[in-house]
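First up is the structure itself, then whatever we jot down about it.
The values are calculated or read from the model by the stated rules, or taken from the named source; none is laboratory data. For clarity, every value in this text was computed on a predicted model and none was experimentally measured. No Cβ is skipped: glycine too gets one built from the backbone with ideal geometry, and neighbour counts run over all protein chains shown.
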Amino acid sequence: MEHPEVGGGGLDGFQGARKDLSVLSRIFRRTEVLVERDGKGQPFSGKRISRHSSGWSKTSARLKAQEGLSVLDIGPTSHSNINYLTSLGHSVFMADLVEESTRSEWLRKSTSGLPDEYDVEAFIEKHMNFGHRMFHVVLLWDALNYMPGPFVEAVVRRLHASMVEEGEMLGLFRAHASGHGAAFCRYHLTDGENVEMQEYAPHPLLHIYQNRAIEKLFAGFSSCRFFLAKDNLCEVVVVR
């Protein structure tokens, strides 16, 4: 019997006891109760805010209709996401790209008076080296709004190369610098049409995306479907 797995490699994976707990939670059809903590072991402090998501509703339908998919969840680790996705029979991989991209280790100091440059290649190799793993679903969330500019196109290219044909990616894009949900958040999945937003680390909003810029960003994909919302978030489901 093949069990759902939680991936590691160059990613923020879960192994050993945590992996076993996720498998057991599926076998016994129960939800594991865990204290949500950030990457440094500190409990999340933000309150979860429920938000309707048409994009998640579409992606969720595929996850419920098929088993054995590989899912890449980009963002701070959510144990509830891992448990939910493995309960549907999927493999889950985590990559906290925003947190990692803001580390000073990726800046190469200039010795010629020119601006410092990011070592994009090294970042992609360390945090997006998936080996031969190909993903059916990618939960990108709003990561591209908070990553330094030089990383954005490289991340999109690597995601495109790491998705199966007709694979889907759910992304959120901020059209304004203020308003509901402007802070960097962790997104928690639900079994319905809502996602729960939980304020996380104080990463600054670096990019604002309008529809035309989003279309250009995903020009290499076969389609990009927009879902408009009442707040300042624009949702897209992109198909490989």
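Highlighted here are the helices (runs of 4 or more DSSP H) found entirely within the range 1-120 that include at least 1 residues which are at pLDDT 85 or above and surrounded by 14 or more Cβ atoms within 10 Å (Cβ to Cβ): 54-65, 79-87, 97-101.
Filtered by the rule that a residue be loosely packed, with under 12 Cβ neighbours inside 10 Å and out of contact with any Asp or Glu (no Cβ under 7 Å at 6 or more places or on another chain), the range 178-212 gives S178, D191, P202, P204, Q210, R212. Scanning the range 96-118 for residues that are within 20 Å of I74 (Cβ to Cβ) and either β-branched (V, I, T) or touching a Phe, Trp or Tyr at 6+ places or on another chain (Cβ under 6 Å) (or both) yields V98, S101, T102, W106, Y118. Scanning the range 188-200 turns up one or more residues that are in contact with a helix residue (DSSP H, G or I) (Cβ under 6 Å, 6 or more places away or on another chain), within 20 Å of A95 (Cβ to Cβ), of a type in the set (V, I, T) and part of a strand (DSSP E or B). Residues in the range 223-240 that are in contact (Cβ under 8 Å) with a residue 40 or more places away in the chain and part of a loop (DSSP other than H, G, I, E, B) were compared, and the one that is surrounded by the most Cβ atoms within 10 Å (Cβ to Cβ) is R240.
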